[in-house]
1. Looking only at the stretch B:139-195, which residues are farther than 30 Å from B:M210 by Cβ and among the acidic types (D, E)?
2. Let me spell it out: the conditions are (1) closer than 21 Å to A:T338 by Cα; (2) buried (at least 17 other Cβ atoms within 10 Å of the Cβ); (3) touching a residue at least 40 places away in the same chain (Cβ under 8 Å), and B:V127 meets all of them except one. Which number is the exception?
3. Within the stretch A:37-92, can you find the residues that are surrounded by 15 or more Cβ atoms within 10 Å (Cβ to Cβ), assigned to a loop (DSSP other than H, G, I, E, B) and not small (G, A, S)?
4. Scanning for something surrounded by fewer than 21 Cβ atoms within 10 Å (Cβ to Cβ), of a type outside the set (A, V, I, L, M) and more than 14 Å from chain A (Cβ to nearest Cβ), does the stretch B:153-170 turn up at least one residue?
5. When the residues of the stretch A:44-103 are filtered to those that are on the phi < 0 side of the Ramachandran plot, small (G, A, S) and free of Cβ contacts under 8 Å to residues at least 40 places away in the same chain, which remaining residue is farthest from the other protein chains (Cβ to nearest Cβ)?
6. A:A72: among the small types (G, A, S) and either within 25 Å of A:I49 (Cα to Cα) or more than 28 Å from the chain's Cα centre (by Cα) (or both), yes or no?
7. Specify which of the listed residues (A:K332, A:K320) is in a strand (DSSP E or B), within 14 Å of chain B (Cβ to nearest Cβ), closer than 28 Å to A:E434 by Cα and of a type in the set (K, R).
8. State all residues of the stretch B:95-136 that are closer than 30 Å to B:V27 by Cα and part of a helix (DSSP H, G or I); if no residue qualifies, say none.
Amino acid sequence: MSLISVDKLAVFVGDTCLLEPISFTLNAGEKLTILGQTGSGKSLLAQAIMGNLPKGLRTEGEIRLFNSPASAKSRRELWGRRLSMLPQEPWNALNPLMSAKAQLAETYHRVRGDAYDAAQQNADYTLELQGLGESRHKRVDQLSGGMAQRVAIACAMAGGAPLLLADEPTKGLDVNRRDQVVEQLISQSQTGALVTITHDVAVARQTGGRLMVIKSGELIEHGDASQILNNPQRAFTRELIAADPQSWPTPERQPRPETSVLMETESLAIGRGEQTLAKDLSFKIHRGEVIGVVGDSGCGKSTLGDTLLGLQPSYGGKIKRHCSETTHRWQKLYQDPTAAVSHAVSLGTLLNDTIKRHRIDKSRVAPLMKRLGLAEALLERRADSVSGGELQRFCMLRALLLDPVFLFADEPTSRLDPITAQSVSQLLVDVARETNCAVMLVSHDPHLIEKRCDRVVRI
Amino acid sequence: MKLSYLCTSQISTSRLCGAVLLLLLCVYAFATPLLSAQDAASQNLSQILSLPGGNSWFGTDHFGRDMWVRLADALRLSLSMAALCVLTSAVIGVTLGILAATGPSWVDRTLDGVTTLILALPGLVLVLIFAAIVPGSFWMLYVAISLIQWIEYFRVTRAITQRIARSPEVQSSRLMGFGALYLFRRHYWPAIAPQLVTLASFGAASAILMMASLGFVYVGIQPPLAELGLMIVEHFPYYSDAPWLLAQPLIALALVVLSCHLLGGKKAS
């Protein structure tokens, strides 16, 4: 029996086609992975199937669920119990006022229909299984991005829906957790069907099943996952596979020229709230050096950056800055660029604000934009109408215009597709070397750290 | 993976209705004294409690005063009071709210204490006390109502600003060396402004109601000035002889409040 059958499904805004007609059928136990770059319309497909497309978009084609035609309205009735979706931005999908356990237990209780006590027990058990036992009473804002994602996954799966759509389920997770999540998704699909939307080739490889490669709304390649990934027919697919950090070329290690120390820490302790996250961190940062920061999700990687930048008090130990540069030359790139930029005005206005504030030479903007691959037209738009990758590069543009001496890059590429991530991270490293700016690069991907950084700090 | 969707900033029908209704009332209130030669205070005792129609469109009251003119006078007073109160309390509330959310913690604690103190008293009682000090003074009423109303703006602004002040966007702007004014212009104000429209609409309605309540218990605006609450209580004895007379200020009051509430209603989703 086919759980889902999609026939020539297309998404339009006005007369513009955002997603070209696509057809597939999934039976119980089958898996489909949709692989593509950011902004290629993958998420639209998921939203079209769920029936929660934003206003102003319309679909064409037919969707049949569980062997009967399903209108957008009738699909809504299936949500949670028969058809479930893992949302892309976990912190937006969770209730900010409830603890992790409370919302998971609520899902078990209300959606799956467990008795109240059983729901509480199930919630405890699941969180323990996800390695969140100690964080069960925390609210979303107290969880790290990766932890919030795990809670969201647990909630989406709690209803026991046979048909699961996962929209970028592994975004921002470290490799171990990523593997765990994918395994969990696969085990789910043994009885039901699974549609995974991802930009991560490793996830596609691991999930197996069928694979569809999408490029700007158009289906490029379609077939068995292992076959396509081992023997890609189209140039775009090859490019996508080559952009996986694992397949990046290993940089030639040249001995770095001795540069002066920019900053050093002595048995630094960092923490958030009442909790000390890490102790005895002693390291030196030289000018122009690229340092990788690795550690499990929630171990205090972001907190380290905030402490070094003076945004947060240290919990012991010393930080010595060996330079007298003004504070605006100590910059930070954020994990979620959409949250790091004002949505009220266009990007061009924001850029002009920065230029005016620091009397930056305007002629520097155009070449740097070109290098970052940012189109001029982008500046007319607001932060909410550009893709995450574009916005992250815009943030880089602003930071680099300030001639930083230190740049703390907190998972700057975790929301970018691999092709963009490869170039953005390469660019970051190149610019750092050229301008003698020290970069601290946080990533959950050990391959990325290995290929990009001179040294690694482990928390 | 967000695409730019059509950003439909449509005004909902209910908001539109509210705006049109309020505009009509304003036109009536502010244009009538310009167009009509009649005076709201001139009495004509030979023609009291006359039916609407004929010489005076809304009839005359128990002193033979023209109701069309008096109602316009009363509305003008109420609308001016509402506008003044909204403006004052919004400016004070938003300023202090931002100060409390971004300033040192003692500012926040002090302001929070003050607002809690004021909130501990029922608003109307506080206004009554003020109004009793100088009965019939428009300005005393204005001070008293504004004193009550700034708190709402303060609380909303403070809550929104606190959230944004901790967000990465503000942290990023700070790191880039931008000052407080810039943070207000680019971060705080865009988040606060949409809420202000709603707050202001409801605030205007409650200012008008408060003023009418005080008029009703004779501590607000004093006769012979026309004021909605005062008119209601003045016409009360004649409700069986001239029910239309009592109905007029009541309907006017209801219409003003309705228009404000429609205006402040939910945005079209």
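Read-outs throughout are calculated quantities, based only on the coordinates presented, and are distinct from any laboratory measurement. Predicted model only: the values in this text are computed from it and were never measured. Cβ atoms come from the backbone with ideal geometry, glycine included; neighbour counts cover every protein chain shown.
1. B:E169
2. Tallying (1) closer than 21 Å to A:T338 by Cα; (2) buried (at least 17 other Cβ atoms within 10 Å of the Cβ); (3) touching a residue at least 40 places away in the same chain (Cβ under 8 Å), B:V127 fails exactly one: (1).
3. A:Q37, A:T38, A:L53, A:F66, A:R82, A:P87, A:Q88, A:E89
4. yes
5. To start, the set of residues in the stretch A:44-103 that are on the phi < 0 side of the Ramachandran plot comprises A:44-50, A:52-55, A:57-60, A:62-65, A:68-79, A:81-103.
Then keep just the ones that are small (G, A, S); that gives A:46, A:48, A:68, A:70-72, A:74, A:84, A:93, A:99-100, A:102.
Filter once more, so that each one left must be free of Cβ contacts under 8 Å to residues at least 40 places away in the same chain: A:48, A:68, A:70-72, A:74, A:102.
Details: A:A48: 13, A:S68: 30, A:A70: 23, A:S71: 21, A:A72: 16, A:S74: 22, A:A102: 21 Å.
Looking at the filtered set, the residue picked out is A:S68.
6. Details: among the small types (G, A, S): yes; either within 25 Å of A:I49 (Cα to Cα) or more than 28 Å from the chain's Cα centre (by Cα) (or both): yes.
The answer is yes for A:A72.
7. Details: A:K320 fails: within 14 Å of chain B (Cβ to nearest Cβ).
None of the others qualify; the one that does is A:K332.
8. Step one: list which residues in the stretch B:95-136 are closer than 30 Å to B:V27 by Cα, which gives B:124, B:127, B:131, B:135-136.
Within the stretch B:95-136, B:L124, B:V127, B:A131 meet the criteria.
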